[in-house]
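Chemist: The structure's right below; bear with me while I get my questions together.
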Amino acid sequence: MSAIDQPTSTSFLNRMSDAFWRRPKLLLALMLAPPLLWLGMIYVGSLFSLLIQSFFSIDEFSGVIQYEFTLKTYGELFRPANYDIIIRTTLMAAAVTVASAIVAFPVAYYAARYARGKIKALFYLGAMLPLWSSYLVKIYAWKLILAKEGIINWIVDGIGLTWLLKAILSIPVIGGNSLSVSYIGTFLVFLYVWLPFMILPVQAALERVPGNLLEASGDLGASSRQTFTHVIFPLALPGIVAGSIFTFSLTLGDYIIPQIVGSSRLFIGQAVFAHQGTAGNIPLAAAFAVVPILIMALYLWAAKRKGAFDAL
Amino acid sequence: MTTAVEFQNVSRHFGSIKAVDDVSLKIEEGTFFAMLGPSGSGKTTCLRLISGFDRPTEGHIQIFGETSEGIPPNRRSVNTVFQDYALFPHLNVRDNVAYGLMVKGEAKASRLKQADEMLALVKLDDYGDRKPAQLSGGQRQRVALARALVNRPRVLLLDEPLGALDLKLREQMQDELKSLQQALGITFVFVTHDQGEALSMADSLAVFNEGKIVQIGTPQDVYQRPKTRFVADFVGSSNVLPPDLCAQLGGESKWSSLRPESISITEDATAKVSGTVKGIRYLGSANRVAVAVADTEISVMPSASSPLPEIGQSIGLTWSNDALHSMDEE
């Protein structure tokens, strides 16, 4: 007599399920194999081929790619015209990231601490809704909003603040003829488009901060400002860093927004687009594409060293 | 003696729910005061009213003779040990303990020194560099205690601080808390639903039920002379005898309390009542015998030396006359 009743049904599915129960790692391997293959071949593979391309160079006279390893293409990045593109893009990405953190924080804080029930559902809807509509439509809409004949100008005109807008637009470098052809305009559109990617992770991080930590801080004598500096902010920091990875890298790589809204000066994404397309300079395009990867790696390394992930 | 905390007709309503309903009480300085009651009886809300996390709907609270109205928690001379400790997960133990001093602007060297001294007091000398996540429940509890005490509060509030600990550790911490309180001379206000804890630690205790204080007194008072049926039952699971039975027994015609341990089983004619054994529960150190007497079930804890009756057996019960305590209120 066996001690355990044998299952009455020994269908193939039952036997499979039993086998998986006995060898849990087999099931894990089977589940992980397809995504790992996909990631490994499509993603890492193409990344690697990109990296290889950036070490080739182009013959300046014939325009033919020379398949010999060289750092010459990377050297070209440091030519003033190219170098400017990198600095411009990085500064814009940094500005967009800082601004979206500042704008997102109160929204996320409200949603995490105070919003309940329907209001909370409304918050998620409000944060996600912009992501549902077409990216291009949103940007063209912004072009209209920011244009000289647009609603912002109309409102500013109506309340008699035209002088202020003019003063802002006359600031060198970031100003321009109108908002839609200035860096300020590009910045505003970037801020709008990537904001949800900052709000959601910050909100998730704040949601995990137990309310009694804030009470404990107050109980120990901390003012609201001190509680923010010493408890809320450090605990929200992993969320802010997660959000900044999105806003920073998305801005670094975008080539459509600066094309439609802003001055005609190039951003990294546009440079990549131009070099791999009409110019046919794949190596330089690849080298440009490596820049955001390096900047992000550097940024994450610095964030980790600063202890941004300690609260995880 | 100075009054540390005084409640004057304090109520706290949440909508139609009266969490705290017209509570008046005085806590003397330097005492270990327990607030005892079932969950939802308003004791924790009272604690939050003292700490300032919550504000009374009506009435006044004075802390050392000064009104607490409009004073935020960070400017009250009270500190709290939270139920689940609420340690800051991103700070190590030493920085957790030094937090209160840090926000008050104490110099770094001085505050870390004081934190280390306080950690030594709670016997966690070598744990300063650890993160709260690396500590056991009992150790976290000590850190929470040190973090509150380092601020030298005039009143320490403890919200079910031992609830999450296992029995052995809980008993050990009870002793330590009591001796710490005696050594420091600080007023402790301790919230618990565990009557044993309240009786063994408190100098004075208030029994809460449905937002009201049912009885205030010393542990002996409350245990031996419960004022209401609720107190008799909640504190020490006393037998509550109905008025007619008490009258039959020659007592007053009032609800009365009769402690299970003061009843003995007898078979001779001295028995005051007789009944049938319904069940016996083994409790380790004693047995609890349920005896049906008329319509009432009386529970008896016979001394370990006396032989146990059998279920279904008819037995007589007796007690000394002063064991039957008649209560003033229902």
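Chemist: Quick one: in segment B:297-319, of everything that is of a type in the set (Val, Ile, Thr) and over 29 Å from the mean Cα position of the chain (by Cα), which residue is surrounded by the fewest Cβ atoms within 10 Å (Cβ to Cβ)? Spell out how you get there, then give the answer.
Modeler: So in segment B:297-319, the residues of a type in the set (Val, Ile, Thr) come out as B:298, B:300, B:311, B:315, B:318.
In the following step, the residues that additionally are over 29 Å from the mean Cα position of the chain (by Cα) were identified as B:311, B:315, B:318.
Details: B:311: 12, B:315: 20, B:318: 14.
The residue in question is B:311.
Chemist: Also: Touching a helix residue (DSSP H, G or I) at 6+ places or on another chain (Cβ under 9 Å) and either assigned to a strand (DSSP E or B) or surrounded by 15 or more Cβ atoms within 10 Å (Cβ to Cβ) (or both), is that true of residue B:277? Even if it seems obvious, please write down each step before you answer.
Modeler: Details: touching a helix residue (DSSP H, G or I) at 6+ places or on another chain (Cβ under 9 Å): no; either assigned to a strand (DSSP E or B) or surrounded by 15 or more Cβ atoms within 10 Å (Cβ to Cβ) (or both): yes.
So residue B:277 fails the test.
Chemist: Another question, then. If the requirement is being in contact (Cβ under 8 Å) with a residue 12 or more places away in the chain, within 14 Å of chain A (Cβ to nearest Cβ) and under 30 Å from the mean Cα position of the chain (by Cα), which of these qualifies: B:140, B:130? Write out each step before concluding.
Modeler: Working: B:130 fails: under 30 Å from the mean Cα position of the chain (by Cα).
Going through B:140, B:130 in turn, just one is in contact (Cβ under 8 Å) with a residue 12 or more places away in the chain, within 14 Å of chain A (Cβ to nearest Cβ) and under 30 Å from the mean Cα position of the chain (by Cα): B:140.
Chemist: Going by the conditions given, is residue B:135 in the same structural domain as residue B:86 (by TED's automatic domain parsing), in contact with a Ser or Thr (Cβ under 9 Å, 6 or more places away or on another chain) and on the phi < 0 side of the Ramachandran plot? Lay out the reasoning, then the answer.
Modeler: Details: in the same structural domain as residue B:86 (by TED's automatic domain parsing): yes; in contact with a Ser or Thr (Cβ under 9 Å, 6 or more places away or on another chain): no; on the phi < 0 side of the Ramachandran plot: yes.
For residue B:135, the condition - in the same structural domain as residue B:86 (by TED's automatic domain parsing), in contact with a Ser or Thr (Cβ under 9 Å, 6 or more places away or on another chain) and on the phi < 0 side of the Ramachandran plot - is not met.
Chemist: Still on this structure, please answer the following. Considering segment B:118-131 alone, what residues qualify as being out of contact with any Lys or Arg (no Cβ under 6 Å at 6 or more places or on another chain) and within 21 Å of residue B:172 (Cα to Cα)?
Modeler: If we filter segment B:118-131 for residues that are out of contact with any Lys or Arg (no Cβ under 6 Å at 6 or more places or on another chain), which is where we start, we get B:118-121, B:123, B:125-127, B:129-131.
Hits for segment B:118-131 are B:118, B:119, B:120, B:121, B:123, B:125, B:126, B:127.
Chemist: Given the conditions (1) in a loop (DSSP other than H, G, I, E, B); (2) at positive phi; (3) small (Gly, Ala, Ser), and given that residue B:39 satisfies all but one, which numbered condition is not satisfied?
Modeler: Exception for residue B:39: condition (2).
Chemist: Kindly establish whether residue A:115 is assigned to a loop (DSSP other than H, G, I, E, B), over 25 Å from the mean Cα position of the chain (by Cα), surrounded by 10 or more Cβ atoms within 10 Å (Cβ to Cβ) and on the phi < 0 side of the Ramachandran plot.
Modeler: Details: assigned to a loop (DSSP other than H, G, I, E, B): yes; over 25 Å from the mean Cα position of the chain (by Cα): yes; surrounded by 10 or more Cβ atoms within 10 Å (Cβ to Cβ): yes; on the phi < 0 side of the Ramachandran plot: yes.
Yes; evaluated as a whole, the condition is true for this residue.
Chemist: On to the next question. Restrict the check to segment A:56-70 and report whether at least one residue is part of a helix (DSSP H, G or I) and not hydroxyl-bearing (Ser, Thr, Tyr). Even if it seems obvious, please write down each step before you answer.
Modeler: We begin by selecting, within segment A:56-70, every residue part of a helix (DSSP H, G or I); these are none.
Among the residues of segment A:56-70, not one is part of a helix (DSSP H, G or I) and not hydroxyl-bearing (Ser, Thr, Tyr), which makes the answer no.
Conditions (1) in contact with a helix residue (DSSP H, G or I) (Cβ under 8 Å, 6 or more places away or on another chain); (2) under 16 Å from residue B:153 (Cα atoms); (3) in the same structural domain as residue B:153 (by TED's automatic domain parsing), marked per residue:
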| site | (1), (2), (3) |
| --- | --- |
| B:41 | no, no, yes |
| B:46 | no, no, yes |
| B:50 | no, yes, yes |
| B:54 | yes, no, yes |
| B:58 | no, no, yes |
| B:63 | yes, yes, yes |
| B:68 | yes, yes, yes |
| B:72 | yes, yes, yes |
| B:75 | no, yes, yes |
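Chemist: Looking at B:215, B:174, which is the one that is without any contact (Cβ under 8 Å) to a residue 40 or more places away in the chain and more than 30 Å from residue B:16 (Cα to Cα)? Walk me through how you get there before you give the answer.
Modeler: Working: B:215 fails: more than 30 Å from residue B:16 (Cα to Cα).
Exactly one residue qualifies, and that residue is B:174.
Chemist: Being buried (at least 16 other Cβ atoms within 10 Å of the Cβ) and within 14 Å of another protein chain (Cβ to nearest Cβ) is true for just one of B:77, B:41, B:51. Which residue is that? Spell out the reasoning first.
Modeler: Details: B:77 fails: buried (at least 16 other Cβ atoms within 10 Å of the Cβ); B:41 fails: within 14 Å of another protein chain (Cβ to nearest Cβ).
Within the list B:77, B:41, B:51, the selection yields B:51.
Chemist: Take the residues of segment B:215-230 that are outside any loop (DSSP other than H, G, I, E, B) and farther than 18 Å from residue B:201 by Cα: which is modelled with the lowest pLDDT? Before the answer, list the steps.
Modeler: Going through segment B:215-230, the residues outside any loop (DSSP other than H, G, I, E, B) turn out to be B:215-217, B:219-224, B:229-230.
The next check asks that each one be farther than 18 Å from residue B:201 by Cα; those that pass are B:229-230.
Values: B:229: 88, B:230: 91.
Residue satisfying both the conditions and the ranking: B:229.
Chemist: Does segment B:200-208 contain at least one residue that is among the small types (Gly, Ala, Ser), part of a helix (DSSP H, G or I), closer than 29 Å to residue B:82 by Cβ and touching a helix residue (DSSP H, G or I) at 6+ places or on another chain (Cβ under 7 Å)? Spell out how you get there, then give the answer.
Modeler: At the first step, the residues of segment B:200-208 found to be among the small types (Gly, Ala, Ser) are B:200, B:202, B:204, B:206.
Filter once more, keeping what is part of a helix (DSSP H, G or I): B:200.
Keeping just the survivors that are closer than 29 Å to residue B:82 by Cβ gives B:200.
Right, trim to touching a helix residue (DSSP H, G or I) at 6+ places or on another chain (Cβ under 7 Å) and you get B:200.
Taking every residue of segment B:200-208 in turn, at least one turns out to be among the small types (Gly, Ala, Ser), part of a helix (DSSP H, G or I), closer than 29 Å to residue B:82 by Cβ and touching a helix residue (DSSP H, G or I) at 6+ places or on another chain (Cβ under 7 Å).
Chemist: Here is a check on your reading of the model: is residue A:20 aromatic (Phe, Trp, Tyr) and at pLDDT below 90? Working first, answer last.
Modeler: Numbers: aromatic (Phe, Trp, Tyr): yes; at pLDDT below 90: yes.
Here the answer is yes, as residue A:20 does meet what is asked.
Chemist: In this structure, does residue B:140 turn out to be at pLDDT below 95 and touching a helix residue (DSSP H, G or I) at 6+ places or on another chain (Cβ under 9 Å)? First the steps, then the outcome.
Modeler: Numbers: at pLDDT below 95: yes; touching a helix residue (DSSP H, G or I) at 6+ places or on another chain (Cβ under 9 Å): yes.
Criteria met by residue B:140.
Chemist: Quick one: which helices (runs of 4 or more DSSP H) lie wholly within segment A:211-271 and hold at least 2 residues that are within 14 Å of chain B (Cβ to nearest Cβ)? Can you show your working first?
Modeler: Working: elements: A:211-219, A:224-227, A:233-253, A:257-260.
Filter on segment A:211-271 gives A:211-219, A:224-227, A:233-253.
Chemist: Just for segment A:192-210: of the residues that are part of a helix (DSSP H, G or I) and among the β-branched types (Val, Ile, Thr), which one is nearest to the other protein chains (Cβ to nearest Cβ)?
Modeler: Filtering segment A:192-210 down to residues part of a helix (DSSP H, G or I) leaves A:192-207.
Going one step further and asking which of them are among the β-branched types (Val, Ile, Thr), we end up with A:193, A:199, A:202.
On the way: A:193: 32, A:199: 22, A:202: 16 Å.
Selected residue: A:202.
Chemist: Any idea which of B:269, B:247 is assigned to a loop (DSSP other than H, G, I, E, B), out of contact with any strand residue (DSSP E or B) (no Cβ under 7 Å at 6 or more places or on another chain), over 28 Å from residue B:170 (Cα atoms) and hydrophobic (A, V, I, L, M, F, W, C)?
Modeler: Numbers: B:247 fails: assigned to a loop (DSSP other than H, G, I, E, B).
Among B:269, B:247, only B:269 is assigned to a loop (DSSP other than H, G, I, E, B), out of contact with any strand residue (DSSP E or B) (no Cβ under 7 Å at 6 or more places or on another chain), over 28 Å from residue B:170 (Cα atoms) and hydrophobic (A, V, I, L, M, F, W, C).
Chemist: Hey, residue B:60 hits all of (1) assigned to a strand (DSSP E or B); (2) under 23 Å from the mean Cα position of the chain (by Cα) but one; which does it fall short on?
Modeler: Failing condition for residue B:60: (2).
Chemist: Then there's this: Residue check: is residue A:56 of a type in the set (Phe, Trp, Tyr) and crowded, with 18+ Cβ neighbours inside 10 Å?
Modeler: Yes: the conditions hold for residue A:56.
Chemist: Given the residues B:156, B:162, which is the only one that is crowded, with 22+ Cβ neighbours inside 10 Å and modelled with pLDDT of 90 or more?
Modeler: Residue meeting the stated conditions: B:156.
Chemist: For segment B:64-74, give me the residue count where each residue is at the interface with another protein chain (Cβ under 10 Å from one of its Cβ atoms) and touching a strand residue (DSSP E or B) at 6+ places or on another chain (Cβ under 9 Å). Before the answer, list the steps.
Modeler: Taking segment B:64-74 first, the residues at the interface with another protein chain (Cβ under 10 Å from one of its Cβ atoms) are B:72-74.
Applying the additional criterion that residues be touching a strand residue (DSSP E or B) at 6+ places or on another chain (Cβ under 9 Å) yields B:73.
Going through segment B:64-74 one residue at a time, the tally reaches 1.
Chemist: Output the residues belonging to segment B:83-127 that are closer than 22 Å to residue A:309 by Cα, more than 13 Å from chain A (Cβ to nearest Cβ) and aliphatic (A, V, I, L, M).
Modeler: The answer is B:93, and nothing else.
The values are calculated or read from the model by the stated rules, or taken from the named source; none is laboratory data. Fair warning: this is a prediction, and the values are worked out from it, not measured in the lab. With ideal geometry, Cβ positions are generated from the backbone for all residues, glycine too; neighbour counts draw on all protein chains shown.
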